[in-house]
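Below you'll find the structure, written out as structure tokens, and then a few comments.
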Amino acid sequence: MRNSMTRSVRQCVALRAAVTALLIAVTVAGAIRYKAAGQQQSSQQANQPAASPPRPAITMASPEDAEREMNNPRSKWFREAKYGLFIHWGLYAIPAGTWKGQQIPGIGEWIMNRAKVPVKEYEQLAALFNPVKFNAEEWAQLAQDAGMKYLTITSKHHDGFAMFKSQVSKYNIVDATPFKRDPLKELQAACAKRGIKLCFYYSQAQDWHEPNGAGNTWDFGPDDQKNFDQYLRDKALPQTREILTQYGPLGMIWFDTPRLMTDQRAQQFTDMARELQPNCLINGRLGGKGDYRSTGDNRIPDQVVPGVWEVPATINHTWGYKSYDHDWKPPAEIVFKLVDIVSKGGNYLLNVGPTAEGVIPQPSVDILRKVGQWLKVNGEAIYGAGPTPFGQEFGRLSDTKKDQRGQPVFEQAKEWRVTTKPGRLYVHLFTWPKEFTLDGVKSKVTKAYLLDDPKKALKFSQTDGKLVVQLPDKAPGELGSVVRLDVSGVNP
Ligand code: FHN
């Protein structure tokens, strides 16, 4: 084990420069195309079969922009939080993936679009929406037990239905359903009690309920023949004002799929948010510049990405509840992804899709709680932690395998990751060698121990930048164990 790990680390060091150079070239070239596509990749994915070439996970920022993102006081809490709960909840939880007896392929919250359900039919779901089991305290408590520091919930998704009391449109949960309660109000109180930052998703461009909103071509014809500015004026902007004024301080507004959005249109939202809540973050999918960037859905970059960014991700394969999607990612995979993302400099926004009764499916609850237990022990290596100073641990470009564009495929390695804080390196181990060898550690290691057993110092030696840490026979953590290295001097 030791030899193979040492060998693979050495090989990786040798290849690191070449890999990085190639990756930057690939990513930057792809990023230009991605930008031109207006960050609509995921909705395109939702509409297109697999034929189009793979896109890079994220738009790269210029060094100046990345620096600006990192120094933005508004995003300080976000840069430290690292892990948030995404909740997609709306009328689509009623059909739960099935329309008129047919299972509709794709993500659950897109059912109206995928099955081309006319507005007049879809809106009848509102009269059936009565999530009597919804309990804001339980949801916020779950986020807390899971170790998540912020909660981002759909206030209005593309179906156009507001999950909050709105004066702008009667098509909202208080006025149009037998439930009559405002779940976002209840969540505001429950999150505030626990110090969880409340954030609202708002679909600013797609609104399949409105004749002039983007996206509904089956009822209202092509988007380019719509009066999109009127839709913005009559619904999206005034509803954005409502969510910015009715729920106290928000952590952020999470806009999405900026179809038809121009810089000028986006600026109206930005101006409103800055005026009403100067501390509220704007994510990267408004259509103009946000406070940080989102990756594509479920897309984790291959290497460290400078700046501030977030990976929105599903826990199964859908965002909105689908009764027959039981393919849950196990806790070990979620922990690995969380560590992987943090070691590359990002945040992880992990989604659950509650049912029409207001219940978060039990398997997702169990998974989140298990990851939360891991974070109780190892959280200091995640919250407020920075990316790795190494990079060889991520894997390498294949010598033989090529993707559809003829570019070498990145072969991910999963043995270990590193996160950092000033004076500390956290080595996350996902396999368990007898001793862990790390080349290229220039600063002096003064102490080593496992976060599972902080009182027991681990033996180590360090010669010419090569560090060897002796490990106990058995891994203490079921989902991954973390060795903390205290170092003096500059990392690594
Ligand atoms: O179309 C939406 C989708 O339904 C979901 O909300 C995701 C979450 O990131 N965003 C869009 C696709 O990227």
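Summary table
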read-out: One residue from 177, 154 being within 24 Å of residue 248 (Cα to Cα) and among the β-branched types (Val, Ile, Thr); value: 154
read-out: Within the stretch 175-189, tally of residues that are over 22 Å from the mean Cα position of the chain (by Cα), over 13 Å from residue 132 (Cα atoms) and either in contact (Cβ under 8 Å) with a residue 12 or more places away in the chain or buried (at least 22 other Cβ atoms within 10 Å of the Cβ) (or both); value: 4
read-out: Looking only at the stretch 266-293, and only at residues there that are modelled with pLDDT of 95 or more, among the basic types (Lys, Arg) and not in a strand (DSSP E or B), the one that is farthest from residue 204 (Cα to Cα); value: 274
read-out: Yes/no for residue 360 being hydrophobic (A, V, I, L, M, F, W, C), within 16 Å of the ligand (Cβ to nearest atom), assigned to a loop (DSSP other than H, G, I, E, B) and over 20 Å from residue 70 (Cβ atoms); value: no
read-out: Among (1) under 33 Å from the mean Cα position of the chain (by Cα); (2) assigned to a loop (DSSP other than H, G, I, E, B); (3) under 22 Å from residue 377 (Cα atoms), the one test that residue 484 misses; value: (2)
read-out: Residue list for the stretch 422-443, filter: in contact with a Gly (Cβ under 8 Å, 6 or more places away or on another chain) and at pLDDT below 95; value: 439, 440, 441, 442, 443
read-out: Verdict on residue 327 being surrounded by fewer than 19 Cβ atoms within 10 Å (Cβ to Cβ), away from the ligand (no atom under 16 Å from the Cβ) and within 19 Å of residue 108 (Cβ to Cβ); value: yes
read-out: Scan of the stretch 195-212 for residues that are away from the ligand (no atom under 16 Å from the Cβ) and either part of a loop (DSSP other than H, G, I, E, B) or aliphatic (A, V, I, L, M) (or both), ordered by number; value: 195, 196, 198, 210, 211, 212
read-out: Subset of the stretch 242-298 (residues that are among the charged types (D, E, K, R) and in contact with a strand residue (DSSP E or B) (Cβ under 8 Å, 6 or more places away or on another chain)); value: 256, 259, 285, 291, 293, 297
read-out: Residues of the stretch 315-330 classified as free of Cβ contacts under 8 Å to residues at least 60 places away in the same chain and more than 28 Å from residue 390 (Cα to Cα), total; value: 5
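The values are calculated or read from the model by the stated rules, or taken from the named source; none is laboratory data. Computed from a predicted structure; not experimentally measured. Note: ideal-geometry Cβ built from the backbone for every residue, glycine included; neighbour counts use all protein chains shown.
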